[in-house]
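S.K.: I'd like to ask some things about the structure below.
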Amino acid sequence: MNSKATATEEARADIREHAQATVSDLGSLAQEVSGGSELRDMLMRVAKQTASLDICIRETQQSLATSQAAAARLADRVDSASEQLKSLPKTIDIIKVASAD
């Protein structure tokens, strides 16, 4: 009976160790899964931020294109005004000659 009791105790000890190891493994797995969930959430946030950044980049590119077009129109107007200023003395001379007659 003594050997039977010892074998039973050893079997219980083995089962207890196995159960504790299993619980520990399950705890680790649960942490990994929860960490995986956190990682997934973080990746989803990054994806949303990336999409938001893409929208901002597109809007900035459109704004830049509009600004460049406006700058080109302004440069044309400045060139036109500059040409008109260059011809102004000649126009003044013509008016002086015409009014002298």
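The values are calculated or read from the model by the stated rules, or taken from the named source; none is laboratory data. All values reported here derive from a predicted model rather than from experimental measurement. These area figures cover heavy atoms from the full protein model, side chains too; ligands, DNA and RNA do not enter into them. Shrake-Rupley method; radii C 1.70, N 1.55, O 1.52, S 1.80 Å.
S.K.: Of the conditions (1) open to solvent by less than 70 Å² (accessible area, probe 1.4 Å); (2) within 35 Å of the chain's Cα centre (by Cα), I57 clears all except one; give me its number.
M.R.: (1)
S.K.: Next up: Taking the stretch 31-43 as the search range and keeping residues that are open to solvent by 100 Å² or more (accessible area, probe 1.4 Å) and of a type outside the set (K, R), which one is farthest from the chain's Cα centre (by Cα)? Reasoning before the result, please.
M.R.: Taking the stretch 31-43 first, the residues open to solvent by 100 Å² or more (accessible area, probe 1.4 Å) are 31-32, 38, 40, 43.
Keeping just the survivors that are of a type outside the set (K, R) gives 31-32, 38, 43.
Numbers: Q31: 29, E32: 27, E38: 19, L43: 12 Å.
Ranking the qualifying residues of the stretch 31-43, first place goes to Q31.
S.K.: Give me the residue from the stretch 83-101 that is of a type in the set (D, E) and assigned to a helix (DSSP H, G or I) and, out of that set, least open to solvent (accessible area, probe 1.4 Å).
M.R.: First pass over the stretch 83-101, keeping only residues of a type in the set (D, E): 83, 93, 101.
Then keep just the ones that are assigned to a helix (DSSP H, G or I); that gives 83, 93.
Numbers: E83: 107, D93: 87 Å².
Among them, the one singled out is D93.
S.K.: Of all the residues that make up the stretch 16-28, how many are among the hydrophobic types (A, V, I, L, M, F, W, C) and open to solvent by less than 90 Å² (accessible area, probe 1.4 Å)? Break it down into steps so the answer makes sense when it comes.
M.R.: First, pick out the residues of the stretch 16-28 that are among the hydrophobic types (A, V, I, L, M, F, W, C): 19, 21, 23, 26.
Still in the list and also open to solvent by less than 90 Å² (accessible area, probe 1.4 Å): 19, 21.
The number of residues fulfilling the criteria is 2.
S.K.: If you don't mind, there's one more thing I want to ask. Any idea which residue in the stretch 1-15 is most open to solvent (accessible area, probe 1.4 Å), counting only those that are at pLDDT 80 or above and among the charged types (D, E, K, R)?
M.R.: Taking the stretch 1-15 and keeping what is at pLDDT 80 or above, we get 6, 9-15.
After this cut, where a residue has to be among the charged types (D, E, K, R) as well, the list is 9-10, 12, 14.
On the way: E9: 96, E10: 109, R12: 136, D14: 98 Å².
Looking at the filtered set, the residue picked out is R12.
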